[in-house]
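*Asks:* Here it is, the structure in full.
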Amino acid sequence: MVWSSLFGSLRRSRDTFVQRGKSSTAGIRKHAPTRRHPRLETMERRKLLATDLASITGQVFINLADDIGSAGDPPVLVDNTGAVVNPGDPGAQGVTVELFRDNGDTAGAFDSNDTLVGTDTTDPTTGIYRFDGLTVDTYFVRQQNVTGLNVPSFAAPELVQVTQADGEQTVLIDDFSDTTEVSFDATPATPVESEFQSNLTGTVGGQRDVQLTNTNNTGQFSIFLGQNSGQVSVGSNGGATGTALIQYDGPDGAMTLDATGLNGASLGGGAATDPLATGGGLILNANTQLDGDELFIQVFSDAANSSTATVPLTQTTNFEEIFVPFSSFTTTTGTGA
(Lines give C-alpha, C1' and ligand atoms only; values in the text may rest on other atoms or scores of the structure.)
Protein backbone atom coordinates (compact mmCIF):
# COMPACT_ATOMS: atom_id res chain seq x y z
CA MET A 1 0.00 0.00 0.00
CA VAL A 2 1.25 3.44 -0.86
CA TRP A 3 0.15 6.35 1.27
CA SER A 4 1.01 9.84 0.08
CA SER A 5 0.50 13.37 1.35
CA LEU A 6 -1.72 13.13 4.42
CA PHE A 7 -3.26 16.54 4.96
CA GLY A 8 -5.10 18.24 7.74
CA SER A 9 -8.69 19.37 7.67
CA LEU A 10 -10.35 21.09 4.75
CA ARG A 11 -12.56 24.07 4.45
CA ARG A 12 -15.48 23.39 2.14
CA SER A 13 -16.19 26.34 -0.10
CA ARG A 14 -17.61 29.24 1.89
CA ASP A 15 -17.52 27.38 5.20
CA THR A 16 -14.77 26.94 7.80
CA PHE A 17 -14.43 23.77 9.84
CA VAL A 18 -12.22 22.89 12.78
CA GLN A 19 -11.10 19.80 14.66
CA ARG A 20 -10.19 19.82 18.33
CA GLY A 21 -7.67 16.96 18.22
CA LYS A 22 -4.22 17.72 19.64
CA SER A 23 -2.27 14.62 18.74
CA SER A 24 -2.86 12.07 16.04
CA THR A 25 -1.82 8.63 14.94
CA ALA A 26 -2.39 6.79 11.69
CA GLY A 27 -2.12 3.05 11.32
CA ILE A 28 -1.98 0.97 8.17
CA ARG A 29 -2.96 -2.68 8.35
CA LYS A 30 -1.42 -4.78 5.60
CA HIS A 31 -2.86 -8.13 4.45
CA ALA A 32 -1.06 -8.79 1.18
CA PRO A 33 1.71 -11.39 0.95
CA THR A 34 3.75 -9.73 -1.80
CA ARG A 35 5.91 -6.62 -1.75
CA ARG A 36 4.30 -3.39 -2.89
CA HIS A 37 6.15 -1.03 -5.21
CA PRO A 38 5.71 2.70 -4.59
CA ARG A 39 4.25 4.92 -7.27
CA LEU A 40 5.21 8.56 -7.65
CA GLU A 41 2.61 11.03 -6.41
CA THR A 42 3.45 14.63 -5.57
CA MET A 43 1.11 17.32 -4.27
CA GLU A 44 1.77 20.98 -3.57
CA ARG A 45 1.63 21.90 0.08
CA ARG A 46 -0.95 24.70 -0.24
CA LYS A 47 -3.05 23.60 -3.17
CA LEU A 48 -6.83 23.36 -3.40
CA LEU A 49 -8.00 19.82 -2.85
CA ALA A 50 -10.70 17.67 -4.45
CA THR A 51 -13.52 18.93 -6.63
CA ASP A 52 -16.64 17.57 -4.90
CA LEU A 53 -16.59 19.40 -1.58
CA ALA A 54 -19.32 21.97 -2.13
CA SER A 55 -22.40 22.15 0.10
CA ILE A 56 -25.93 23.51 -0.26
CA THR A 57 -27.75 24.29 2.97
CA GLY A 58 -30.88 26.18 4.02
CA GLN A 59 -33.73 26.36 6.49
CA VAL A 60 -37.41 25.49 6.23
CA PHE A 61 -39.60 27.61 8.52
CA ILE A 62 -43.20 28.70 9.07
CA ASN A 63 -43.61 32.25 7.77
CA LEU A 64 -45.91 33.52 10.53
CA ALA A 65 -46.20 37.14 9.40
CA ASP A 66 -46.07 36.50 5.65
CA ASP A 67 -42.93 38.64 5.55
CA ILE A 68 -40.50 36.11 3.99
CA GLY A 69 -39.23 35.15 7.38
CA SER A 70 -38.14 36.86 10.56
CA ALA A 71 -36.26 35.97 13.70
CA GLY A 72 -38.46 33.70 15.77
CA ASP A 73 -40.22 31.97 12.88
CA PRO A 74 -40.36 28.31 13.97
CA PRO A 75 -39.03 25.44 11.87
CA VAL A 76 -41.55 23.41 9.91
CA LEU A 77 -42.09 20.09 11.68
CA VAL A 78 -44.56 17.35 10.77
CA ASP A 79 -45.91 14.14 12.23
CA ASN A 80 -45.94 10.73 10.56
CA THR A 81 -48.93 11.78 8.43
CA GLY A 82 -47.17 14.88 7.12
CA ALA A 83 -49.33 17.29 9.16
CA VAL A 84 -47.65 20.26 10.83
CA VAL A 85 -46.93 19.97 14.57
CA ASN A 86 -45.29 22.19 17.16
CA PRO A 87 -41.61 21.86 18.12
CA GLY A 88 -41.27 19.47 21.02
CA ASP A 89 -44.54 17.64 20.38
CA PRO A 90 -44.30 13.84 20.38
CA GLY A 91 -43.70 12.47 16.92
CA ALA A 92 -42.32 15.72 15.51
CA GLN A 93 -40.28 15.04 12.40
CA GLY A 94 -38.48 17.06 9.76
CA VAL A 95 -39.68 18.07 6.32
CA THR A 96 -38.23 16.31 3.27
CA VAL A 97 -36.14 18.45 0.92
CA GLU A 98 -34.97 17.18 -2.46
CA LEU A 99 -31.94 18.17 -4.54
CA PHE A 100 -32.03 17.82 -8.34
CA ARG A 101 -29.34 18.39 -10.94
CA ASP A 102 -30.43 20.80 -13.69
CA ASN A 103 -29.84 18.45 -16.62
CA GLY A 104 -33.37 18.02 -17.96
CA ASP A 105 -35.11 19.37 -21.02
CA THR A 106 -34.57 23.09 -20.44
CA ALA A 107 -31.58 24.62 -18.68
CA GLY A 108 -32.64 26.81 -15.78
CA ALA A 109 -36.19 25.46 -15.70
CA PHE A 110 -37.23 22.60 -13.41
CA ASP A 111 -38.77 19.63 -15.23
CA SER A 112 -39.40 15.92 -14.76
CA ASN A 113 -36.14 14.93 -16.46
CA ASP A 114 -33.89 16.73 -13.98
CA THR A 115 -31.93 14.10 -12.02
CA LEU A 116 -32.59 13.57 -8.32
CA VAL A 117 -29.24 13.87 -6.52
CA GLY A 118 -30.45 13.22 -2.98
CA THR A 119 -32.97 13.93 -0.23
CA ASP A 120 -32.53 15.30 3.26
CA THR A 121 -34.84 15.68 6.24
CA THR A 122 -34.70 19.00 8.04
CA ASP A 123 -33.35 19.03 11.56
CA PRO A 124 -36.30 18.62 13.99
CA THR A 125 -34.98 21.49 16.13
CA THR A 126 -33.69 24.05 13.65
CA GLY A 127 -35.37 23.17 10.35
CA ILE A 128 -31.99 23.17 8.60
CA TYR A 129 -31.19 20.87 5.68
CA ARG A 130 -27.81 20.23 4.03
CA PHE A 131 -26.41 18.48 0.97
CA ASP A 132 -22.67 17.75 0.89
CA GLY A 133 -20.20 16.29 -1.59
CA LEU A 134 -21.39 18.36 -4.56
CA THR A 135 -19.53 19.23 -7.74
CA VAL A 136 -19.65 22.48 -9.70
CA ASP A 137 -23.03 22.46 -11.44
CA THR A 138 -26.54 23.91 -11.38
CA TYR A 139 -29.12 22.40 -9.02
CA PHE A 140 -32.73 22.74 -7.93
CA VAL A 141 -33.81 22.51 -4.29
CA ARG A 142 -37.43 21.43 -3.76
CA GLN A 143 -39.37 21.27 -0.50
CA GLN A 144 -42.13 18.71 -0.25
CA ASN A 145 -45.59 20.06 0.61
CA VAL A 146 -46.76 20.08 4.22
CA THR A 147 -50.38 19.37 5.15
CA GLY A 148 -52.05 22.47 6.59
CA LEU A 149 -49.56 24.99 5.22
CA ASN A 150 -49.55 27.02 2.03
CA VAL A 151 -46.36 26.81 0.00
CA PRO A 152 -45.46 30.34 -1.18
CA SER A 153 -44.37 30.94 -4.75
CA PHE A 154 -40.76 31.48 -3.73
CA ALA A 155 -40.73 27.97 -2.18
CA ALA A 156 -41.07 26.37 -5.63
CA PRO A 157 -37.96 24.49 -6.83
CA GLU A 158 -35.15 26.96 -6.27
CA LEU A 159 -32.27 27.26 -8.74
CA VAL A 160 -28.84 27.13 -7.06
CA GLN A 161 -25.52 27.42 -8.88
CA VAL A 162 -22.39 25.90 -7.39
CA THR A 163 -19.36 27.71 -8.79
CA GLN A 164 -16.67 26.58 -6.34
CA ALA A 165 -16.36 22.99 -5.13
CA ASP A 166 -12.66 22.77 -4.26
CA GLY A 167 -11.65 22.11 -0.70
CA GLU A 168 -8.99 24.37 0.78
CA GLN A 169 -6.26 23.05 3.02
CA THR A 170 -6.19 24.77 6.40
CA VAL A 171 -3.68 22.61 8.29
CA LEU A 172 -0.91 20.42 6.93
CA ILE A 173 -0.33 17.23 8.91
CA ASP A 174 2.43 15.73 6.74
CA ASP A 175 3.53 16.03 3.13
CA PHE A 176 6.38 13.47 3.49
CA SER A 177 8.63 15.69 1.38
CA ASP A 178 11.21 16.98 3.86
CA THR A 179 12.90 13.76 4.87
CA THR A 180 15.92 11.93 3.56
CA GLU A 181 15.19 8.47 2.24
CA VAL A 182 14.58 6.05 5.11
CA SER A 183 13.57 2.39 4.97
CA PHE A 184 13.51 -0.41 7.52
CA ASP A 185 11.97 -3.85 8.04
CA ALA A 186 10.18 -5.88 10.69
CA THR A 187 11.17 -9.57 10.55
CA PRO A 188 10.76 -12.61 12.80
CA ALA A 189 14.10 -11.72 14.40
CA THR A 190 12.99 -8.13 15.12
CA PRO A 191 9.17 -8.12 14.82
CA VAL A 192 8.84 -4.51 16.06
CA GLU A 193 11.01 -1.72 14.67
CA SER A 194 10.77 2.05 15.23
CA GLU A 195 12.24 5.19 13.69
CA PHE A 196 12.03 8.84 14.79
CA GLN A 197 12.50 11.70 12.33
CA SER A 198 12.94 15.16 13.83
CA ASN A 199 13.18 18.80 12.70
CA LEU A 200 10.67 18.28 9.89
CA THR A 201 9.22 21.53 8.53
CA GLY A 202 6.42 19.84 6.59
CA THR A 203 5.09 17.84 9.54
CA VAL A 204 2.79 18.98 12.33
CA GLY A 205 4.77 19.05 15.60
CA GLY A 206 8.08 18.77 13.73
CA GLN A 207 8.55 15.03 14.34
CA ARG A 208 7.28 11.85 12.76
CA ASP A 209 7.30 8.63 14.82
CA VAL A 210 7.12 5.44 12.75
CA GLN A 211 6.72 1.89 14.02
CA LEU A 212 6.43 -1.38 12.09
CA THR A 213 5.02 -4.57 13.58
CA ASN A 214 5.29 -7.95 11.87
CA THR A 215 2.07 -9.52 13.15
CA ASN A 216 2.42 -13.10 11.85
CA ASN A 217 6.14 -13.56 12.63
CA THR A 218 7.12 -14.52 9.12
CA GLY A 219 8.65 -12.93 6.03
CA GLN A 220 9.55 -9.26 5.85
CA PHE A 221 7.32 -6.25 6.48
CA SER A 222 8.80 -3.00 5.16
CA ILE A 223 8.31 0.75 5.00
CA PHE A 224 9.91 3.34 2.72
CA LEU A 225 9.77 7.08 3.50
CA GLY A 226 10.99 9.78 1.16
CA GLN A 227 11.80 7.28 -1.57
CA ASN A 228 9.82 9.45 -3.97
CA SER A 229 9.25 12.99 -2.76
CA GLY A 230 5.91 13.27 -0.98
CA GLN A 231 5.38 9.54 -0.56
CA VAL A 232 5.46 6.78 2.04
CA SER A 233 5.14 3.13 0.99
CA VAL A 234 4.37 0.01 2.98
CA GLY A 235 5.05 -3.46 1.58
CA SER A 236 5.67 -7.09 2.46
CA ASN A 237 7.09 -10.32 1.08
CA GLY A 238 7.50 -13.88 2.24
CA GLY A 239 3.91 -14.04 3.48
CA ALA A 240 4.35 -11.27 6.05
CA THR A 241 1.43 -9.29 7.38
CA GLY A 242 1.65 -6.40 9.77
CA THR A 243 0.83 -2.84 10.78
CA ALA A 244 2.59 0.46 10.19
CA LEU A 245 2.00 3.20 12.77
CA ILE A 246 2.79 6.83 11.96
CA GLN A 247 2.37 9.12 14.97
CA TYR A 248 2.41 12.90 15.41
CA ASP A 249 2.72 13.98 19.03
CA GLY A 250 5.57 16.48 19.06
CA PRO A 251 9.34 16.05 19.48
CA ASP A 252 9.42 13.45 22.24
CA GLY A 253 11.60 10.82 20.55
CA ALA A 254 9.42 7.96 21.80
CA MET A 255 6.55 5.78 20.61
CA THR A 256 4.72 6.25 23.91
CA LEU A 257 1.96 8.67 22.95
CA ASP A 258 2.12 12.18 24.37
CA ALA A 259 -1.55 13.01 23.86
CA THR A 260 -0.99 16.75 24.43
CA GLY A 261 2.39 16.91 22.68
CA LEU A 262 1.11 19.22 19.93
CA ASN A 263 0.45 21.90 22.57
CA GLY A 264 -3.20 22.48 21.77
CA ALA A 265 -2.80 22.67 17.99
CA SER A 266 -6.07 22.25 16.12
CA LEU A 267 -6.12 19.85 13.18
CA GLY A 268 -8.70 22.08 11.54
CA GLY A 269 -7.23 25.53 12.00
CA GLY A 270 -8.35 28.13 14.51
CA ALA A 271 -8.35 27.51 18.24
CA ALA A 272 -8.47 24.01 19.69
CA THR A 273 -11.55 25.01 21.69
CA ASP A 274 -13.55 26.07 18.63
CA PRO A 275 -16.61 23.85 17.98
CA LEU A 276 -16.45 21.33 15.18
CA ALA A 277 -18.66 22.43 12.28
CA THR A 278 -20.32 20.17 9.75
CA GLY A 279 -18.47 19.25 6.58
CA GLY A 280 -14.78 19.36 7.46
CA GLY A 281 -12.42 16.43 7.43
CA LEU A 282 -9.04 15.00 6.49
CA ILE A 283 -7.80 14.28 3.00
CA LEU A 284 -5.08 11.95 1.77
CA ASN A 285 -3.91 10.31 -1.43
CA ALA A 286 -3.65 6.53 -1.27
CA ASN A 287 -2.98 3.60 -3.58
CA THR A 288 -3.08 -0.13 -2.90
CA GLN A 289 -2.42 -3.09 -5.14
CA LEU A 290 -4.70 -5.52 -3.29
CA ASP A 291 -8.09 -5.18 -1.64
CA GLY A 292 -8.15 -5.66 2.13
CA ASP A 293 -5.70 -2.99 3.29
CA GLU A 294 -7.11 -0.56 5.85
CA LEU A 295 -6.12 2.82 7.21
CA PHE A 296 -6.93 3.76 10.81
CA ILE A 297 -6.76 7.40 11.91
CA GLN A 298 -6.99 8.22 15.61
CA VAL A 299 -7.00 11.75 17.06
CA PHE A 300 -6.63 12.76 20.70
CA SER A 301 -7.73 15.88 22.55
CA ASP A 302 -5.97 14.56 25.67
CA ALA A 303 -4.89 11.22 27.14
CA ALA A 304 -8.44 10.27 28.11
CA ASN A 305 -10.36 11.27 24.98
CA SER A 306 -9.88 10.09 21.41
CA SER A 307 -11.80 9.29 18.22
CA THR A 308 -11.04 6.92 15.33
CA ALA A 309 -11.97 6.58 11.68
CA THR A 310 -11.43 3.40 9.63
CA VAL A 311 -10.79 3.80 5.91
CA PRO A 312 -10.98 0.62 3.78
CA LEU A 313 -8.76 0.79 0.72
CA THR A 314 -9.68 -0.79 -2.60
CA GLN A 315 -7.35 -1.90 -5.35
CA THR A 316 -6.60 0.88 -7.82
CA THR A 317 -3.92 1.56 -10.39
CA ASN A 318 -3.75 5.29 -9.76
CA PHE A 319 -3.63 7.29 -6.57
CA GLU A 320 -7.08 8.04 -5.18
CA GLU A 321 -7.90 11.20 -3.27
CA ILE A 322 -9.81 10.13 -0.17
CA PHE A 323 -11.86 12.51 1.97
CA VAL A 324 -12.44 11.36 5.55
CA PRO A 325 -15.21 13.53 7.10
CA PHE A 326 -14.89 14.42 10.76
CA SER A 327 -18.43 13.06 11.08
CA SER A 328 -17.11 9.56 10.24
CA PHE A 329 -14.96 9.47 13.40
CA THR A 330 -16.39 7.52 16.32
CA THR A 331 -15.54 7.72 19.99
CA THR A 332 -12.68 5.41 20.99
CA THR A 333 -11.95 6.56 24.54
CA GLY A 334 -13.71 8.91 26.94
CA THR A 335 -16.07 11.28 25.20
CA GLY A 336 -14.07 11.37 21.97
CA ALA A 337 -11.74 14.02 20.57
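The values are calculated or read from the model by the stated rules, or taken from the named source; none is laboratory data. Please read these numbers as outputs of a predicted model, since none were measured by experiment. Glycine gets a Cβ as well: all are built from the backbone with ideal geometry, and neighbour counts include every protein chain shown.
*Asks:* Under 9 Å by Cβ, and 6 or more places apart or on different chains, what pairs join a residue from the range 324-337 that is more than 17 Å from residue 302 (Cα to Cα) with one that is surrounded by 16 or more Cβ atoms within 10 Å (Cβ to Cβ) and charged (D, E, K, R)?
*Replies:* The qualifying pairs are 325/132.
*Asks:* Those residues that are surrounded by 21 or more Cβ atoms within 10 Å (Cβ to Cβ) and out of contact with any Gly (no Cβ under 6 Å at 6 or more places or on another chain), I need them from the range 243-253; list them, please.
*Replies:* Residues satisfying the conditions are 244, 246, 247.
*Asks:* Which members of the range 110-161 meet the condition of being without any contact (Cβ under 8 Å) to a residue 24 or more places away in the chain and basic (Lys, Arg)?
*Replies:* Hits for the range 110-161: nothing passes.
*Asks:* Quick one: in the range 312-337, of everything that is over 17 Å from residue 233 (Cβ atoms) and within 12 Å of the chain's Cα centre (by Cα), which residue is modelled with the lowest pLDDT? If you could, list the steps in order and put the result at the bottom.
*Replies:* We begin by selecting, within the range 312-337, every residue over 17 Å from residue 233 (Cβ atoms); these are 312, 314, 321, 323-337.
With the extra rule that they be within 12 Å of the chain's Cα centre (by Cα), the set shrinks to 321, 323-329.
On the way: 321: 77, 323: 81, 324: 85, 325: 83, 326: 84, 327: 84, 328: 87, 329: 92.
That would be 321.
*Asks:* May I pose another question? Filter the range 230-242 for residues that are more than 23 Å from residue 281 (Cβ to Cβ) and buried (at least 16 other Cβ atoms within 10 Å of the Cβ) and give the result.
*Replies:* Selection gives 233, 235, 236, 240, 241, 242.
*Asks:* Among the listed residues 272, 244, which satisfies the condition of being outside any strand (DSSP E or B), of a type in the set (A, V, I, L, M) and at negative phi?
*Replies:* Numbers: 244 fails: outside any strand (DSSP E or B).
After applying the criteria, what remains is 272.
*Asks:* Among the residues of the range 254-266, is there at least one that is in a strand (DSSP E or B) and surrounded by 15 or more Cβ atoms within 10 Å (Cβ to Cβ)? Don't jump to the end; show me each part of the working.
*Replies:* Quick first cut of the range 254-266, residues in a strand (DSSP E or B) only: none.
No, the conditions are met nowhere in the range 254-266.
*Asks:* Can you name the strands (runs of 3 or more DSSP E) wholly within the range 289-330 that have at least 2 residues being in contact with a Lys or Arg (Cβ under 9 Å, 6 or more places away or on another chain) and under 27 Å from residue 259 (Cβ atoms)?
*Replies:* 294-302
*Asks:* Filtering the range 207-227 down to residues that are outside any strand (DSSP E or B) and in contact with a Phe, Trp or Tyr (Cβ under 9 Å, 6 or more places away or on another chain), which residue is modelled with the lowest pLDDT?
*Replies:* First, the residues of the range 207-227 that are outside any strand (DSSP E or B): 207, 215-219, 226-227.
From the residues that got through so far, the ones that are in contact with a Phe, Trp or Tyr (Cβ under 9 Å, 6 or more places away or on another chain) too are 207, 215, 226.
Details: 207: 90, 215: 92, 226: 72.
Once the filter is applied, the top-ranked residue is 226.
*Asks:* Additional query: Of 168, 193, which residue is under 30 Å from residue 226 (Cα atoms), modelled with pLDDT under 85, out of contact with any His (no Cβ under 8 Å at 6 or more places or on another chain) and part of a strand (DSSP E or B)?
*Replies:* Working: 193 fails: modelled with pLDDT under 85.
Residue meeting the stated conditions: 168.
*Asks:* For the range 279-300, which positions are buried (at least 22 other Cβ atoms within 10 Å of the Cβ) and of a type in the set (D, E, K, R)?
*Replies:* Answer for the range 279-300, where residues must be buried (at least 22 other Cβ atoms within 10 Å of the Cβ) and of a type in the set (D, E, K, R): just 293.
*Asks:* Return yes or no: is residue 314 surrounded by fewer than 17 Cβ atoms within 10 Å (Cβ to Cβ), under 26 Å from residue 191 (Cβ atoms) and among the polar types (S, T, N, Q)? First the steps, then the outcome.
*Replies:* Numbers: surrounded by fewer than 17 Cβ atoms within 10 Å (Cβ to Cβ): yes; under 26 Å from residue 191 (Cβ atoms): no; among the polar types (S, T, N, Q): yes.
No.
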